[in-house]
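Below is one structure, written out as structure tokens; comments come after it.
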Amino acid sequence: MGTDGVSVYAENNQVAQLNVSDSLIQQNGRYGIYAKAYQGTTQIHANLTGNEVFQNGDYGIYLEADGSS
């Protein structure tokens with residue numbers, strides 16, 4: 001078991017795209033899907049469709065904006 005199934009971290013005014021569809025995401029040590037935008041005008045555009053996310057150590061899907069993101 002890994003830490004996170006799918007993980008995206010963006011910072012310093014980046015724009016990141018996260019697309020996950022029709023996937024089975026399970027039995028991860030922490031989050032099934034994790035995305036964090038940090039500082040400035042950083043953005044993460046997330047498109048999550050048709051997924052099954054379960055039996056992860058913490059939240060199945062966790063999206064976080066930190067600072068002024």
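The values are calculated or read from the model by the stated rules, or taken from the named source; none is laboratory data. These numbers were taken from a predicted model, which means no experiment stands behind them. Please note: Cβ atoms are built from the backbone with ideal geometry, for glycine as well, and neighbour counts cover all protein chains shown. Only protein heavy atoms, including side chains, enter the accessible area calculation; ligands, DNA and RNA are left aside. Shrake-Rupley method; radii C 1.70, N 1.55, O 1.52, S 1.80 Å.
Some observations on this one:
- In sequence order, region 45-51 has phi-based couplings of 8, 10, 10, 10, 9, x, 9 Hz under the Karplus curve 6.51 cos²θ - 1.76 cosθ + 1.60, θ = phi - 60°, and Gly or Pro positions carry x.
- Within the accessible area of the chain (1.4 Å probe), percent carbon and sulfur: 41 percent
- Global geometry of region 9-61, whether rounded, prolate or oblate, following the gyration tensor of its Cα atoms and the 1.5 cut on a/c: oblate
- Residue 58 - accessible surface, heavy atoms, 1.4 Å probe, Å² rounded to 10: 80 Å²
- Solvent-accessible surface of the chain, averaged per residue with a 1.4 angstrom probe and all protein chains in place: 62 square angstrom.
- Solvent-accessible area of residue 38 with every protein chain in place, 1.4 Å probe, in Å² to the nearest 10: 70 Å²
- Nearest-0.05 FRET efficiency for residue 7 and residue 43, computed from C-beta distance (R0 25 Å): 0.90
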